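The values are calculated or read from the model by the stated rules, or taken from the named source; none is laboratory data. Since we're looking at a predicted model, the values are computed, not measured. All Cβ positions, even for glycine, are placed from backbone atoms using ideal geometry, and neighbour counts span all protein chains on display.
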Amino acid sequence: MGRVSGRSCIVTGAARGIGRAIGEALLDEGADVCFADIDGDTAERAACENEERADRNGGKVAWAKVDVTEREQVQEMIEIAVSAFGKLDVKFNNAGINKPMNLLDVTEDNWNTIMKINGLGVLIGMQEAAKQMIRQGTGGKIVNTASIASRQGFDNVAPYCASKWAVVSLTQSGARDLAKHKITVTGFAPGVVATEMWSQLDRDLMEIGASEREGQAIAEFSADILRGRVATPDDITGTTTFLASKESDYMTGQVVMIDGGMVLV
Ligand code: NAD
């Protein structure tokens with residue numbers, strides 16, 4: 001038996017990067033996983049490429065195209081998972097974006113776009129997952145992706161930091177509001193993870209003049225990591241599978257740092 005055998009899970013932002021790794025690690029431990037992403041084609045590919053992994057471990061895969069800021073699409077995604085797996089036990093609100101700008105240049109559009117996906121997207125994801133879990137009467141787990149930027153403000157990414165602090169607040173408020181339904185709400189906070197998000201960030205920081213050459217921003221930003229290197233998505237998944245498993249049943253309202261020792265709070 002795997003650590004999450006028989007658990008029905010949805011992961012958003014699962015076409016690639018951390019989300020895909022979360023989904024694959026859940027499959028390795030026997031779960032059913034719906035890979036959901038705004039990039040539907042790549043989410044479908046992630047699901048197809050993981051069918052054999054699911055078979056091997058006694059689970060199933062599904063996929064959904066979803067914009068996490070659109071409530072109806074989120075409801076449809078949940079219906080897809082429930083019709084494929086029979087229920088929803090664990091919902092990962094992982095989709096997120098960043099677009100750096102110096103504080104003085106931040107526009108309303110930059111702020112609104114980031115806050116909408118990283119903040120409102122998590123709120124809607126929590127609400128719709130909780131409604132399904134309440135209908136089932138089985139309780140459940142909601143796990144939100146925060147960041148080191150949830151614990152400390154960084155230059156050139158103020159709206160991203162604000163949005164990730166919001167994820168911590170939503171996790172705490174959700175834990176309090178949903179406890180009576182036996183739903184726990186937790187989060188995890190990665191530091192620097194080598195995904196397309198950071199590759200793009202590195203290019204964007206060069207474009208706004210915050211760094212001069214490729215790789216410089218990520219190298220400087222990660223210079224003080226106590227573990228001496230940036231993370232890979234696989235560094236994150238021990239914790240995420242734990243948060244989806246029975247082992248974390250007594251945890252709620254907490255956000256776990258997984259940053260190799262960058263921000264010590
Ligand atoms: P990524 O850019 O590689 O993947 C993000 C995925 O989210 C993409 O597949 C994208 O299509 C999807 N997405 C974007 N907007 C969406 C929307 N509106 N609806 C549905 N899907 C959408 O990023 P990643 O590095 O894997 O990051 C995943 C999460 O981890 C994000 O919330 C990010 O903020 C957080 N995080 C990342 C790092 C890092 O260093 N990479 C550090 C801390 C936190």
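Within the group 258, 225, 208, which residue is of a type in the set (Val, Ile, Thr) and within 30 Å of residue 131 (Cβ to Cβ)?
258
If residue 155 meets every condition in (1) touching a helix residue (DSSP H, G or I) at 6+ places or on another chain (Cβ under 8 Å); (2) without any contact (Cβ under 8 Å) to a residue 12 or more places away in the chain apart from one, which number is that one?
Only one criterion is unmet by residue 155, namely (2).
List pairs: first residue in region 235-262 and farther than 16 Å from residue 94 by Cβ, second residue charged (D, E, K, R) and part of a helix (DSSP H, G or I) anywhere in the structure, Cβ distance under 9 angstrom, at least six positions apart or on different chains.
252/176; 253/176; 260/235
Given the structure, is residue 19 surrounded by fewer than 18 Cβ atoms within 10 Å (Cβ to Cβ) and touching a residue at least 12 places away in the same chain (Cβ under 8 Å)?
Against the criterion (surrounded by fewer than 18 Cβ atoms within 10 Å (Cβ to Cβ) and touching a residue at least 12 places away in the same chain (Cβ under 8 Å)), residue 19 does not qualify.
Considering region 59-77 alone, what residues qualify as being out of contact with any strand residue (DSSP E or B) (no Cβ under 6 Å at 6 or more places or on another chain) and surrounded by fewer than 23 Cβ atoms within 10 Å (Cβ to Cβ)?
65, 67, 69, 70, 71, 72, 73, 75, 76
Working carefully through the options 167, 143, find the one that is surrounded by 16 or more Cβ atoms within 10 Å (Cβ to Cβ), modelled with pLDDT of 95 or more, near the ligand (Cβ under 9 Å from one of its atoms) and not in a loop (DSSP other than H, G, I, E, B).
167
Taking only region 1-53 into account, find how many residues are near the ligand (Cβ under 9 Å from one of its atoms), of a type in the set (Lys, Arg) and under 15 Å from residue 78 (Cα atoms).
0
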